[in-house]
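Participant: Following this message is one structure expressed as structure tokens.
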Amino acid sequence: MKRVLYAEDSTTSQLLMRRLLANLCELTITSTLAQAEIALLSQPYDLLITDFLFPEGDTLNFIENTRRTISRDAMPIIVVSSAMDSLLLSRLLKIGANEGLPKPLHPTNFQATVERMLSAPYVRTPDQIVTAIRCFQWVCENSYHQFCPELGITLSGTDKTELDQRMRAAIAQEIAQGKSLGNTTRETTTTHLFSSPARPKPTENGEMPPR
């Protein structure tokens, strides 16, 4: 039976993992990263599953150190965390993790991921990460304006629909050229528009109307 090492300081999560993997593998659990390092030196494992945050710190250095001696194919690493998002996932993949999953875990999906890692290890690619590109929009003097921090450009126009299309086209062009827009990838791009109310015009006597 395949051997899996699980590093987790929460006793509740430890019990849950025992139930999830009861019939899939031989499971060893450690409560600290130091114990996990000792376990990896004592015998080989087919898969490492680890939480991200521990009382002694996060797992970044632990993963980097592990990858100096054990390759992704020899022992895949799955990081699970309630703080998992696209930024953290990208960082974990860069330093040697194979996969990152958010807590709470979906039992069926998690078991399928573990089975796949044990039979045919894979590395999640950046193209599978979906994030958002921010675009800020405001109206001034009967013109619409949009600013995209990731692109560093500002577009203006009198037709809101046409301006939206221009901004989306600019984003699509940058992605097609392979530019990394923050953590956005080729798979999905979402544009958020934040609108500000139009600036009120002064009255005939030069006073600003009440808001």
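Participant: So is T50 farther than 23 Å from S119 by Cα, in contact with a Ser or Thr (Cβ under 9 Å, 6 or more places away or on another chain) and either among the small types (G, A, S) or surrounded by 15 or more Cβ atoms within 10 Å (Cβ to Cβ) (or both) or not? Break it down into steps so the answer makes sense when it comes.
Facilitator: Numbers: farther than 23 Å from S119 by Cα: no; in contact with a Ser or Thr (Cβ under 9 Å, 6 or more places away or on another chain): yes; either among the small types (G, A, S) or surrounded by 15 or more Cβ atoms within 10 Å (Cβ to Cβ) (or both): yes.
When the stated conditions are applied, T50 does not pass them.
Participant: Could you grab me the full set of residues in the range 19-62 that are of a type in the set (V, I, T) and in contact with a strand residue (DSSP E or B) (Cβ under 6 Å, 6 or more places away or on another chain)?
Facilitator: Just the residues of the range 19-62 that are of a type in the set (V, I, T), to begin with: 28-30, 32, 38, 49-50, 59.
Within the range 19-62, T28, I29, T30, I49, T50, T59 meet the criteria.
Participant: Among the residues of the range 12-41, write down those that are in a helix (DSSP H, G or I) and over 25 Å from E115 (Cβ atoms).
Facilitator: The initial filter retains those residues of the range 12-41 that are in a helix (DSSP H, G or I), namely 12-20, 33-41.
Once the filter is applied, which keeps residues that are in a helix (DSSP H, G or I) and over 25 Å from E115 (Cβ atoms), the range 12-41 yields L33, A34, Q35, E37, I38, L41.
Participant: Residues being part of a strand (DSSP E or B), crowded, with 21+ Cβ neighbours inside 10 Å and within 12 Å of the chain's Cα centre (by Cα): count how many of those fall in the range 75-90.
Facilitator: Total satisfying the criteria: 2.
Participant: Considering only the range 42-74, state which residues are among the polar types (S, T, N, Q), more than 25 Å from P107 (Cβ to Cβ) and not in a helix (DSSP H, G or I). Give the derivation first.
Facilitator: Kept after step one, since they are among the polar types (S, T, N, Q), are these residues of the range 42-74: 42-43, 50, 59, 61, 65-66, 69, 71.
Filter again for more than 25 Å from P107 (Cβ to Cβ), leaving 42-43, 61, 65-66, 69, 71.
Result: Q43, T69, S71.
Participant: While we're looking at this one, here's another question. Could you please find all residues in the range 111-137 being at pLDDT 90 or above, surrounded by fewer than 16 Cβ atoms within 10 Å (Cβ to Cβ) and either part of a strand (DSSP E or B) or not small (G, A, S) (or both)? If you could, list the steps in order and put the result at the bottom.
Facilitator: Applying the first criterion (at pLDDT 90 or above) to the range 111-137 yields 111-123.
Remaining after also requiring surrounded by fewer than 16 Cβ atoms within 10 Å (Cβ to Cβ): 111-112, 115-116, 119-120, 122-123.
Correct list: Q111, E115, R116, Y122, V123.
Participant: Right, something else. Take the residues in the range 138-163 that are at pLDDT 85 or above and out of contact with any Ser or Thr (no Cβ under 8 Å at 6 or more places or on another chain), then tell me which one is nearest to D73 (Cα to Cα). So that I can check it myself, show each step before the final result.
Facilitator: Applying the first criterion (at pLDDT 85 or above) to the range 138-163 yields 138-140, 142-147, 154-163.
From the residues that got through so far, the ones that are out of contact with any Ser or Thr (no Cβ under 8 Å at 6 or more places or on another chain) too are 140, 154-155, 159-162.
On the way: C140: 56, T154: 45, L155: 47, D159: 53, K160: 50, T161: 49, E162: 49 Å.
Top of the filtered list is T154.
The values are calculated or read from the model by the stated rules, or taken from the named source; none is laboratory data. All values reported here derive from a predicted model rather than from experimental measurement. Cβ: placed from backbone, ideal geometry, glycine included. Neighbour counts: every protein chain shown.
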